[in-house]
Each structure stands twice: as C-alpha cells, then as structure tokens.
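So the structure is just underneath, and the comments pick up after that.
The values are calculated or read from the model by the stated rules, or taken from the named source; none is laboratory data. Nothing here was measured: the structure is a model prediction, and the numbers come from that model. Cβ placement follows ideal geometry from the backbone for every residue including glycine, while neighbour counts extend to all protein chains displayed.
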C-alpha cells in the first residue's frame, strides 16, 4: 500500500452532526488516500472514525474504531476493518485494541461473553479460546491459565464467581489500555 495523503482531526462536537442520538465524548477522524499496487494501482480512500461514543439509551459510552472505504470513488467496504485501520494509521492500534470496551476498557459483557467463549455457558459447543483471548485482550498462555482457573469451579455459579474475580484483577490493565486509546485520540497525539 502506498499512502498518498492523510488528514487527521480531533472533533470537538459532543453530538454527531448526522445522528443526534450519538454522543462522542472523544472523536478522531482520519482520512487516508492510498493506492494498492496489487490492485492495478486502484485509488482508495478510507475515512476512519475512532473514539469513545455513546448511543442514546445506553448506560455507558464505548470505544469504537471503524472505517468506510471507497475504491475508485465507489463504496468498497465499511465496518471494523481493523487490519486495514492499523495498516493505514498505526497510532490507532490502542483504540482498535479496546473496540467495544467501555470507557474504562472493560470488554462488552465481559463475564457473560467470557463464559460463553470458554464453553462454560448453556452452549458448551461455543468454546472458542481465540475469541475469548481477543475479547479479554490476553495472550494464548494467559487464556489457557484463565480457562484452567475458571474450570476449577464446581458448578456454573462457582465458575462465574472465579471469572468475576479474575475480571476484577484485570480492571487496572483494561483501564491502562483505555487510557492509551484516550491518548491516541487526543490533540497531544497529533503534535508528535
């Protein structure tokens, strides 16, 4: 990929101009144009929106990083294209890491989704340690250790309590990751 231009702005409005049901306490918009030599030099444009936002009716704000891309001026793809976002704007990596986490970095439905992905819910066939590792932002070794500890519980209530205890211990790490995302979306980040 050959980046031909990049513009970044920190938006200071608290309400989305297009959707009054969305508040953006923190909002960064990156517009990147690039060419892909593997695609006969097609011209692409990506508008990447990252930050902390809150939908009307939600109790908490949550982190998000999404992109809308065009290829030769036609809409190409949209959504959480995280590999592309990080390739185009590496300093958004901390925001991508906390995508769909609350403002303190706690993963969305950390306990319920954690039990599900650990195969310890009403759907034991849902076991997916890779999904759990991504959700909780753990290494493979940390995931295996967590699963082993949780499995020590005698029943689902005990397992849930163990996972809740582990989540409490993760709060500082998750908050640190959210603080990195906050820094990546600050005006100070653009001065570097």
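Please report, ordered by residue number, the helices (runs of 4 or more DSSP H) entirely within region 121-192 with at least 1 residues that are touching a residue at least 40 places away in the same chain (Cβ under 8 Å) and within 17 Å of the chain's Cα centre (by Cα).
Ranges flagged: 156-184.
Do we find that residue 171 is surrounded by 12 or more Cβ atoms within 10 Å (Cβ to Cβ), more than 30 Å from residue 90 (Cα to Cα) and at pLDDT 95 or above in this structure?
For residue 171, the condition - surrounded by 12 or more Cβ atoms within 10 Å (Cβ to Cβ), more than 30 Å from residue 90 (Cα to Cα) and at pLDDT 95 or above - is not met.
Identify the residue in region 107-119 that is in a loop (DSSP other than H, G, I, E, B) and touching a residue at least 40 places away in the same chain (Cβ under 8 Å) and, among all such residues, is surrounded by the most Cβ atoms within 10 Å (Cβ to Cβ).
118
Given the conditions (1) within 17 Å of residue 183 (Cα to Cα); (2) in contact (Cβ under 8 Å) with a residue 40 or more places away in the chain; (3) assigned to a helix (DSSP H, G or I), and given that residue 51 satisfies all but one, which numbered condition is not satisfied?
Unmet condition: (3).
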